[in-house]
Amino acid sequence: MATELDAQISLEELQLAARNHGLPLEALRHDVTPLGLHYLLTHFDIPFVDAAVWKLEVGGSVARPLSLSLDDLKARPAVTRRVTLECAGNGRALYAPRVLSQPWLQEAVGTAEWTGTALASVLDEAEAGESAVEAVFTGLDRGIQGDVEHLYERSLPLEEARREEVILAYAINGQPLPPQHGFPLRVIVPGWYGMTHVKWLQAITVVTEPFTGWQQDVAYHVRESEDEQGMPVTRILPRALMIPPGFPEFLSRTRFVDAGLVHLQGRAWSGWGAVERVEVSTDGGATWVDAVLDDPMGEFAWSAWTFDWEAQPGEYELSCRATDAAGNIQPLAADWNHDGVCNNGVQRVGVVVRGT
Ligand SMILES: Nc1nc2c(c(=O)[nH]1)N[C@H]1C(S)=C(S)[C@@H](COP(=O)(O)O)O[C@H]1N2
Ligand SMILES: [Mo]
């Protein structure tokens, strides 16, 4: 992949990148991402949790506070959903100037089958007060970011938290959550960027004023500078990715294929409604041709797409772009922002086609 870095990757970025791995793009072949290939993003440390003593505390502005064990949660009606999860920072390392944080290229995505119980029924049982506006989700993990010490916490407006697709998940792909994905419990908010899906959940607190914790109020905003409040990051913008064709050169990852028919395939998703169109460019984004798009694999999961390319010998830059039901289309290059979020600029895959 052609890089647009303005400076060398630092050891601090490497330290983050080694802890938080992406989806190897060849794993886009799997409808459901096998455990271990799904991307990972953990801000601080992965907590060590003893499920025998762990409890979820549901409190704040509620008539009936609840304290639920893992067995209590598993005894409630269970639901399994296929959900495509993407980090809001996906694409960050491709912004120029680069923003110092987890340096994703475009691989911070995965689709899993999450099993849990509906959040709405837990909120109903606790009876949120009349003046309640948000639910705050508190993780067990503590750290310092932006010079502020805090537990990882995010909130959701109650009407979003009550949507039927939102679940408290204790299993992924039919197995208990592994430590890195939030054992014993996390929230899954289909359609929203990853930061909303709080892992290692210890408390849900219903509040009567909008939550102003660091991960909510300071981080995850689209803004040009630190002095601005900006727009909060919410749902996932459309993106299409292709499985890099052929085989790679070890260091540059440039692809090599033989001339002739090359069957390109990939996935596309959006948190703003189904993807309605995927197009492919073999000339660096100058011209576009429609790909064949499959039905989505679920209301909140990616769609597969394919494109038959009659490849002539030469050097190419392949791209793909998605358009969703809301009319959002991927830009060739997204506008830079201070937090390095929402970079859904199109993928560019360098390919050498060899004569036969
Ligand atoms: N408690 C807690 N929850 C968290 C995070 C975290 O650092 N702590 N990271 C968030 C971010 S930024 C993302 S993108 C997703 C990643 O989920 P995954 O690691 O299961 O893929 O978890 C979210 N939930
Ligand atoms: Mo993220």
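Over the alpha-carbon set of the chain, divide Rg by the Kirkwood Rh and report the Rg/Rh ratio to two decimals. Each step should come with its number before you reach the end.
Numbers: Rg = 21.0 Å, Rh = 21.3 Å.
Looking at the chain, the ratio lands at 0.99.
Per atom type, segment 239-354 shows carbon and sulfur on 53% of its accessible surface, probed at 1.4 Å.
Between Trp336 and Arg223, the modelled label-to-label distance comes to 1.8 nm, taking each label 7 Å out from Cα in the direction of the beta carbon. Rounded to the nearest 10 square angstrom, Arg321 shows an accessible area of 50 square angstrom against a 1.4 Å probe. With bins 5 Å wide beginning at 0, the percent of Cα pairs of segment 278-347 falling in each bin runs 3, 14, 20, 23, 18, 12, 7, 2, 0.
For the chain, what does the accessible surface come to per residue with a 1.4 Å probe? Please give it in Å². Numbers along the way, then the final one.
Working: 15860 Å² over 356 residues.
Per-residue value: 45 Å².
The Stokes-Einstein estimate for segment 11-219, based on a Kirkwood radius over Cα pairs and taken at 25 °C with 0.890 mPa s viscosity, is a diffusion coefficient of 139 µm²/s.
What is the extension gain from Ser10 to Asp71, computed as 0.36 nm multiplied by their sequence separation minus the C-alpha to C-alpha distance, in nm to one decimal?
On the way: separation 61, 0.36 × 61 = 21.96 nm, distance 4.43 nm.
Residue separation times 0.36 nm, minus the Cα-Cα distance, leaves 17.5 nm.
Here the contact order of the chain, divided by its residue count and restricted to Cα pairs under 8 Å and six or more residues apart, works out to 18 percent.
Relative to the present Cα-Cα distance, how much length would full extension add between Gln145 and Thr306 at 0.36 nm per residue of separation?
Working: separation 161, 0.36 × 161 = 57.96 nm, distance 4.15 nm.
The span from Gln145 to Thr306 would gain 53.8 nm if fully extended.
Based on every Cα atom in segment 234-321, Rg and the maximum pairwise Cα distance Dmax equal 14.0, 43 Å.
The values are calculated or read from the model by the stated rules, or taken from the named source; none is laboratory data. Remember, predicted model here, so these are calculated numbers, not experimental data. Glycine also receives a Cβ, built like all others from the backbone with ideal geometry; neighbour counts cover every protein chain displayed. Side chains included, ligands, DNA and RNA excluded: accessible areas come from the protein's heavy atoms. Shrake-Rupley method; radii C 1.70, N 1.55, O 1.52, S 1.80 Å.
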